[in-house]
Every structure is written in structure tokens, then in C-alpha cells.
1. Assess whether L2 counts as being touching a Gly at 6+ places or on another chain (Cβ under 7 Å), closer than 25 Å to L199 by Cα and surrounded by 17 or more Cβ atoms within 10 Å (Cβ to Cβ).
2. Does T180 satisfy the condition of being outside any helix (DSSP H, G or I), touching a Lys or Arg at 6+ places or on another chain (Cβ under 9 Å) and either open to solvent by 40 Å² or more (accessible area, probe 1.4 Å) or not hydrophobic (A, V, I, L, M, F, W, C) (or both)?
3. If you go through the stretch 57-72 one residue at a time, how many are open to solvent by less than 40 Å² (accessible area, probe 1.4 Å) and either hydroxyl-bearing (S, T, Y) or under 19 Å from the mean Cα position of the chain (by Cα) (or both)?
4. Among the residues that make up the stretch 204-225, is at least one of them on the phi < 0 side of the Ramachandran plot and in a helix (DSSP H, G or I)?
5. Determine whether the stretch 125-137 contains at least one residue that is in a loop (DSSP other than H, G, I, E, B) and modelled with pLDDT of 95 or more.
6. Residue check, R198 against (1) in a helix (DSSP H, G or I); (2) over 20 Å from G98 (Cα atoms); (3) touching a residue at least 24 places away in the same chain (Cβ under 8 Å), all met but one. Which one?
7. Within the bounds of the stretch 23-41, is there any residue that is open to solvent by 70 Å² or more (accessible area, probe 1.4 Å), farther than 30 Å from T134 by Cα and either at pLDDT 95 or above or among the small types (G, A, S) (or both)?
Amino acid sequence: MLEILHRDECLVAINKPSGLLVHRSLIDKHETRFAIQLTRDQIGQKVYPVHRLDKPTSGVLLFALDSATARLLTEQFTAGLVQKSYLAIVRGHTEESGVIDYPLQEELDRIADADANQDKAAQAAITHYRRLATAEFPYPVGRYLTARYSLLELQPKTGRKHQLRRHLKHIFHPIVGDTTHGDGKHNALFREKFGSHRLLLHANAMQLQHPHRPETLHISAPAPAAFQAIAALFLPPESSSPP
């Protein structure tokens, strides 16, 4: 059963597990489970996607329950009115906070996007980040005797494909567990030492205007236990729970 974070007469939000596709894709033809169908079957009602999360990313995923609501929510996302927050564990010690303002060329898949414009100009992309904690582990990686990491809060101000993963790579602090934009040596360390086999990126919160009444919705998604166990390594011994 999927965890329902919010449900009313016109929308529903779930806590999407890592590894679950939002919808069918030519890229993953072998997959048989999708968030759209699972949510529909669980609540007994058709759902309409209004945004997306990458397959390996967990966290808040919002659906509309009718086409009119879907249009209104999509307008909010397109206008940048929806505030999204993510937790990520990245390689290295980042600055305490910063803004990544780096346009991104659209990532096209050779199968799913075969007919797309291959020469489209790079699109504006902005991500704010704040460092929550750091850790240093006594494991050699490459030429270093220890391995350093940061636990970040990320707030994308635009919604480009793989934006967070590509932006963190751009500033040389790739997200741990990213097999496309990450660092294989650090991914291997987390698999071997901590049993972590996932992308350490979680959509933990979303704030938006309710599409049909004057109400601000605050939707939060607890991180999966495996993610929380890794995040706990960043906390001092007296702390009992991750941020």
C-alpha cells in the first residue's frame, strides 16, 4: 500500500517509494508497477499527474482527481508557484548555503524523445541549497584517506529534467547513489559500508495554493527508513532523529 499524505475531493498526494516509476515509459519497458495505476487502484478513482519525480527519487508526488484540477495545478507548477523541498546526501563538504544558477540543456532520451528538437537552447535552471550537517567517515576513496559528505536541503526554483542531480554535479558535489550523474567510487562505498543501493534524494515537502479554495497546503513526506538511517550518521550522538 502506498502512503497517502493528503487527500480531499480534488487531489491526492502520496509518498512515492524509490524505484517506482510515475507512469509507463519506453525507457523501462520491463516495469509493471507505476504510481499512477497503484494510486488509482488504492483509492478507487482515476488520477491525473501534474508533475513528476525521477524513478529513483522518493517523496511527495501529487495527483489531481479531475481534469479541471489538473489544469489549475499544472498552471501553478509552470508559473513556479509551488515550493518544493528535497533532502539529499552529496559528496564533499558544501558551502553553508548557496544558489546554483546554471542553465540546462534539455536531456533527451534516444528512444522516448527520438522526435524531439535536438538543438533546443539551454533552459534557465535555479536551485537553492542549505547545508544541514556534514560527516566524515574513515574510509579511503581515491587519493583521500577519509570520505566527506553533506546533508542538504534543496529547493528547486525551476523544474528541469534531472535538475537537482545535474546541478549538484555541476558544483562538484554529486548526489550519492546517482548512477548517471554521480561518482561511482562514492556510490560503491555507500553500498559496501552502509548497504545503501538507492539515490539519496527525497522530496520531503511541498507547499502550494489549494486549486479551489483560499487555503495553503503544506504536504510533507517522512523519508524512508533506509534514508533516515543514513541521515542519522550525520547527527551528533545525543540527537535522536534526523532533520
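1. Answer is no for this residue.
2. Numbers: outside any helix (DSSP H, G or I): yes; touching a Lys or Arg at 6+ places or on another chain (Cβ under 9 Å): yes; either open to solvent by 40 Å² or more (accessible area, probe 1.4 Å) or not hydrophobic (A, V, I, L, M, F, W, C) (or both): yes.
Yes.
3. Going through the stretch 57-72 one residue at a time, the tally reaches 8.
4. Applying the first criterion (on the phi < 0 side of the Ramachandran plot) to the stretch 204-225 yields 204-225.
If we keep only those that are in a helix (DSSP H, G or I) too, we end up with 225.
Yes; the residues of the stretch 204-225 include at least one that is on the phi < 0 side of the Ramachandran plot and in a helix (DSSP H, G or I).
5. Kept after step one, since they are in a loop (DSSP other than H, G, I, E, B), are these residues of the stretch 125-137: 125.
From what is left, the residues that are modelled with pLDDT of 95 or more are 125.
So far as the stretch 125-137 goes, yes, one or more of its residues are in a loop (DSSP other than H, G, I, E, B) and modelled with pLDDT of 95 or more.
6. All conditions are met except number (1).
7. Yes: one or more hits.
Table: residues versus (1) closer than 30 Å to A122 by Cβ; (2) open to solvent by 70 Å² or more (accessible area, probe 1.4 Å); (3) touching a residue at least 24 places away in the same chain (Cβ under 8 Å).
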site	(1), (2), (3)
H162	yes, no, yes
H170	yes, yes, yes
A188	no, no, no
A203	yes, no, yes
A232	no, no, no
L235	no, no, yes
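The values are calculated or read from the model by the stated rules, or taken from the named source; none is laboratory data. Given the structure is predicted, the values throughout are model-derived calculations rather than measurements. We place every Cβ from the backbone using ideal geometry, glycine too, and count neighbours over all the protein chains shown. In case anyone asks, the SASA skips ligands and DNA or RNA and just uses the protein heavy atoms, side chains included. Shrake-Rupley method; radii C 1.70, N 1.55, O 1.52, S 1.80 Å.
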